[in-house]
Amino acid sequence: MGLSAMHDERDRVVEFYDRALVGEQIGERQFDTRILPAKLRELVGKYEIVMTPGEFVPTDLDMARRVLEAGVELLADLGVYCTDTERLIAISRDEIETALEESPESFEQGCGAQTVKVRARGLDDTRAPSVNNGSCGSPMSEEAVVPALASCAMEDIDGLVTGYLKSVLGRETRARTPIELLACKKEVIYARQSLEIAGKPGLSILGIMSGGNSESQDACTFEGGLRASDRHLNVLDNELKLSFDTLNRVLHDAYAGTGTVSAIAPMLGGYCGGPESTAICGVAEVLASRVIFDNQCMGSWVESIWQDYASPQWLWVAGMLSLAFVAAGQHLVTGNWLGGNAGPWTAVQCREMAAQSVAVIACGSSIVHGFNGNAGTVEDHVTGMESRMLVEVCRAVAGISVTDANDIVGRVLAGYEDLCKPGNAPFGKSFLECYDADSLQPKEEFVAFWEAEKADLRSCGLPL
Amino acid sequence: MASTPLELLIEGNEEEIRVFVGKALKDGREPAAVLDELSDSMGQVGAMFERGEAFLPELMLAGDAMQAAVDVLMPALADSRSAFVSKGTIVIGTVKDDMHDVGKNIVASLLAANGFTVHDVGRDAPAETFIRTAQEVQADVIAVSTLLSTTMNHAEQVIAAMDQADMPLCRCIVGGAPVTEQWAESIGAHGTAKDAPSAVALCERLIGMRRLEEAGVRPMLEPD
């Protein structure tokens, strides 16, 4: 053998870089407003995708399978748009099918005593889903971040999801500054400190939220930073788009050996349009992240221009992003990001969380990557009690059919529809208002509140 | 059957809407009346978007088609001495280091649908781009979008640059997920809006108040 470069699987992203240089050139506005929407409209008609009005959880399994077929066709026909070259990165049907076939049915996250196996779930699957939780991208102060995350880690979660550090060493986190890079490092350091406090040093950490570009994101892998047993986020842009910066991140993770989770976020009302086309686009984005990022684990969030995170259309799309794969017998480890408009220690937040959890778990979601309150915008509105609630609800509802889930979600949200909307949802309380910061225990009234809410949710049909 | 202006706008059919305008003028219709019809249709597109009956692509395409129609109408409007009355001129963009532009595009398109003249400086736009464009087009309002908390300081820089450039008639509004009313006030912005329809209302209010001030009318304070 000569001195020519040897094949290295870690270099696989270079293939997509090459395609981004030679693919069909299209203006970005043309792609956003004409090419993608027209293709989505065509596929909605061709595959007869129709959301039944008022349905919260998709119950038509044949249609779910057609959503997957439509998503495959969308990705195979269009590919992914590269914003740097304004060209399409072509992806073949064979590549999509191979990526699905080669999807691992399970993987491990965490290390030592906190190693957990995350398994692909199926329909009516009584096996409990995995549940990550934490501050989930919400802004955190340096004062509250360690105790708040420790309070989450003390609950029975399978992984800790970090938030965005609003300041570091008293300095505000600003893009493209040393403080942004430092915030990414401190985000992991504080997360690991919180795991030590909780007595679970091996629990998997999922981040990073404090940096907006690959330079700062990649700063999270260092001695004492993210480990191979942790998970780093890979993000596609809205819709079906990526930049070289995204590929930088993928390449870095491949060489750092860090596990990855995708964060795709098709937007209802945005370039995707309505729920049917948003579901198709979301499925295509899951497939794209599998093909390009080679992620073991998926993570789908449904963004909405109306921020209607408890509406029938939001829940239907969120459920469909798992059901499309599960109904077709695919063994992909599907996952969902959850979140609502209300803040901690409010009945509305309990309803938002319960409705979303029931919907996605019944649809076969393998892992929930956390629930953030206040639409992820309010500082320190994170407590361990949300982790307790999420774990209890997600595990209790495993095995519920999509039809039963639809009925349950309807009862859970009855009378709460308007209260869940932005502007109406209650603000809730901060970590320091909800917890004793020294003992890291929730206030007794908070625990009693959840017990009362659980009783109400039981009356809605949740087997809590 | 010929398509209506509303249908042409929704389709973003720039070619056909130019034909529609040309034919209307050839048939002897008053340019101002044609503009009114198009503006009404554009308003309907905005209303459909707010009701969830049309989505962002339709809103953006309608804005592009409306601009194509106005370009054809402009010479005729000038000849007929009819004034093209825009509700105001807005310069809009996403701040430096922030690549998110969906929210900004929604606000820009809805402003255009509601009769404003909109100049979009895109995403990752430095403060000087906002200011230079605003000076060139004599903007009434600069609308600054920031989705990331880490880029909020760039909105402050736009306002600081406005102060330095001495633009007393121009107003600045800020928006985006991390933006609060308190923060907007603290950096000297003239306002913020929680969503696109509120941003349209805010621009109408700010420009209306400024025009009253220019006319020497002191707006009455509303009783608490």
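The values are calculated or read from the model by the stated rules, or taken from the named source; none is laboratory data. What you see is a predicted model; the values in this text were computed from it and never measured. So basically every Cβ, Gly included, is an ideal-geometry build from the backbone, and we count neighbours across all protein chains shown.
Counting only residues that are more than 30 Å from A:ILE35 (Cβ to Cβ) and of a type in the set (Lys, Arg), which one in the stretch A:218-242 is farthest from the other protein chains (Cβ to nearest Cβ)? Full working, then the answer.
We begin by selecting, within the stretch A:218-242, every residue more than 30 Å from A:ILE35 (Cβ to Cβ); these are A:218-232.
Okay, now just the ones that are also of a type in the set (Lys, Arg), so A:227, A:231.
On the way: A:ARG227: 25, A:ARG231: 22 Å.
Looking at residues that are more than 30 Å from A:ILE35 (Cβ to Cβ) and of a type in the set (Lys, Arg), I get A:ARG227.
Quick one: how many residues across the stretch B:97-129 are hydroxyl-bearing (Ser, Thr, Tyr) and either free of Cβ contacts under 8 Å to residues at least 12 places away in the same chain or surrounded by fewer than 21 Cβ atoms within 10 Å (Cβ to Cβ) (or both)?
The number of residues fulfilling the criteria is 2.
Return yes or no: is A:MET389 in a helix (DSSP H, G or I), under 16 Å from the mean Cα position of the chain (by Cα) and either within 14 Å of chain B (Cβ to nearest Cβ) or not acidic (Asp, Glu) (or both)?
Criteria not met by A:MET389.
Checking A:CYS220 against (1) buried (at least 23 other Cβ atoms within 10 Å of the Cβ); (2) within 24 Å of A:ALA437 (Cα to Cα); (3) among the hydrophobic types (A, V, I, L, M, F, W, C), only one condition comes out false. Which one?
If we test A:CYS220 against (1) buried (at least 23 other Cβ atoms within 10 Å of the Cβ); (2) within 24 Å of A:ALA437 (Cα to Cα); (3) among the hydrophobic types (A, V, I, L, M, F, W, C), just (2) comes out false.
Please go through the stretch A:336-347 and give me each residue that is in contact with a His (Cβ under 6 Å, 6 or more places away or on another chain) and within 16 Å of A:LEU315 (Cβ to Cβ), ordered by number.
Hit for the stretch A:336-347 is A:TRP337, nothing else.
Taking the stretch A:430-439 only, how many residues are crowded, with 20+ Cβ neighbours inside 10 Å and in contact with a helix residue (DSSP H, G or I) (Cβ under 7 Å, 6 or more places away or on another chain)?
3
So is A:ASP32 surrounded by 19 or more Cβ atoms within 10 Å (Cβ to Cβ) and either within 14 Å of another protein chain (Cβ to nearest Cβ) or part of a loop (DSSP other than H, G, I, E, B) (or both) or not?
For A:ASP32, the condition - surrounded by 19 or more Cβ atoms within 10 Å (Cβ to Cβ) and either within 14 Å of another protein chain (Cβ to nearest Cβ) or part of a loop (DSSP other than H, G, I, E, B) (or both) - is met.
Yes or no, residue by residue, for (1) modelled with pLDDT of 95 or more; (2) under 21 Å from the mean Cα position of the chain (by Cα); (3) of a type in the set (Gly, Ala, Ser):
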residue	(1), (2), (3)
A:PRO147	yes, no, no
A:ILE157	yes, yes, no
A:LEU181	yes, no, no
A:CYS184	yes, yes, no
A:VAL188	yes, yes, no
A:SER194	yes, no, yes
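Take the residues in the stretch A:158-195 that are basic (Lys, Arg) and within 11 Å of chain B (Cβ to nearest Cβ), then tell me which one is nearest to A:ARG231 (Cα to Cα). Walk me through how you get there before you give the answer.
Within the stretch A:158-195, the first condition is being basic (Lys, Arg), and the residues that meet it are A:166, A:171, A:174, A:176, A:185-186, A:192.
Of the ones still in play, those that are also within 11 Å of chain B (Cβ to nearest Cβ) are A:166, A:174, A:176.
Numbers: A:LYS166: 21, A:ARG174: 24, A:ARG176: 23 Å.
Only one residue tops the list, namely A:LYS166.
Could you tell me whether the stretch A:131-153 includes any residue that is surrounded by fewer than 24 Cβ atoms within 10 Å (Cβ to Cβ), part of a loop (DSSP other than H, G, I, E, B), within 14 Å of chain B (Cβ to nearest Cβ) and in contact with an Asp or Glu (Cβ under 7 Å, 6 or more places away or on another chain)?
For the stretch A:131-153, residues surrounded by fewer than 24 Cβ atoms within 10 Å (Cβ to Cβ), part of a loop (DSSP other than H, G, I, E, B), within 14 Å of chain B (Cβ to nearest Cβ) and in contact with an Asp or Glu (Cβ under 7 Å, 6 or more places away or on another chain): present.
Among the residues of the stretch A:54-93, write down those that are part of a loop (DSSP other than H, G, I, E, B), closer than 27 Å to A:ALA362 by Cα and in contact (Cβ under 8 Å) with a residue 40 or more places away in the chain.
A:GLY54, A:GLU55, A:PHE56, A:VAL57, A:PRO58, A:THR59
Only one of (1) surrounded by 24 or more Cβ atoms within 10 Å (Cβ to Cβ); (2) in a loop (DSSP other than H, G, I, E, B) fails for A:TRP316. Which number is that?
With (1) surrounded by 24 or more Cβ atoms within 10 Å (Cβ to Cβ); (2) in a loop (DSSP other than H, G, I, E, B) applied to A:TRP316, the lone miss is (2).
Can you tell me how many residues within the stretch B:183-213 are acidic (Asp, Glu) and either on the phi > 0 side of the Ramachandran plot or surrounded by 15 or more Cβ atoms within 10 Å (Cβ to Cβ) (or both)?
2
Identify all residues within the stretch A:26-82 that are within 17 Å of B:GLU58 (Cα to Cα) and touching a Gly at 6+ places or on another chain (Cβ under 8 Å); write none if there are none.
Matches in the stretch A:26-82: A:THR33, A:ARG34, A:PRO37, A:LEU40, A:ARG41.
What is the residue count in the stretch A:196-217 for residues that are surrounded by fewer than 19 Cβ atoms within 10 Å (Cβ to Cβ), in contact (Cβ under 8 Å) with a residue 40 or more places away in the chain and either within 12 Å of chain B (Cβ to nearest Cβ) or touching a Ser or Thr at 6+ places or on another chain (Cβ under 8 Å) (or both)?
Residues flagged as surrounded by fewer than 19 Cβ atoms within 10 Å (Cβ to Cβ), in contact (Cβ under 8 Å) with a residue 40 or more places away in the chain and either within 12 Å of chain B (Cβ to nearest Cβ) or touching a Ser or Thr at 6+ places or on another chain (Cβ under 8 Å) (or both) within the stretch A:196-217 amount to 1.
Scan (1) under 21 Å from the mean Cα position of the chain (by Cα); (2) free of Cβ contacts under 8 Å to residues at least 40 places away in the same chain; (3) under 30 Å from A:TRP306 (Cα atoms) for the single condition B:VAL70 breaks and write down its number.
Exception for B:VAL70: condition (3).
Go through (1) more than 13 Å from chain A (Cβ to nearest Cβ); (2) crowded, with 21+ Cβ neighbours inside 10 Å; (3) in contact (Cβ under 8 Å) with a residue 40 or more places away in the chain one by one and return the number of the condition B:HIS154 breaks.
Among (1) more than 13 Å from chain A (Cβ to nearest Cβ); (2) crowded, with 21+ Cβ neighbours inside 10 Å; (3) in contact (Cβ under 8 Å) with a residue 40 or more places away in the chain, B:HIS154 violates only (1).
Go through the residues of the stretch A:257-264 one by one and say whether even a single one is within 12 Å of chain B (Cβ to nearest Cβ) and free of Cβ contacts under 8 Å to residues at least 60 places away in the same chain. Please lay out each step first, then the result.
Step one: filter the stretch A:257-264 for residues within 12 Å of chain B (Cβ to nearest Cβ), giving none.
Looking through the stretch A:257-264, none of the residues is within 12 Å of chain B (Cβ to nearest Cβ) and free of Cβ contacts under 8 Å to residues at least 60 places away in the same chain.
Could you check A:THR377 against (1) modelled with pLDDT of 95 or more; (2) in contact with a strand residue (DSSP E or B) (Cβ under 8 Å, 6 or more places away or on another chain); (3) within 14 Å of chain B (Cβ to nearest Cβ) and say which number it fails?
Single failed check for A:THR377: (1).
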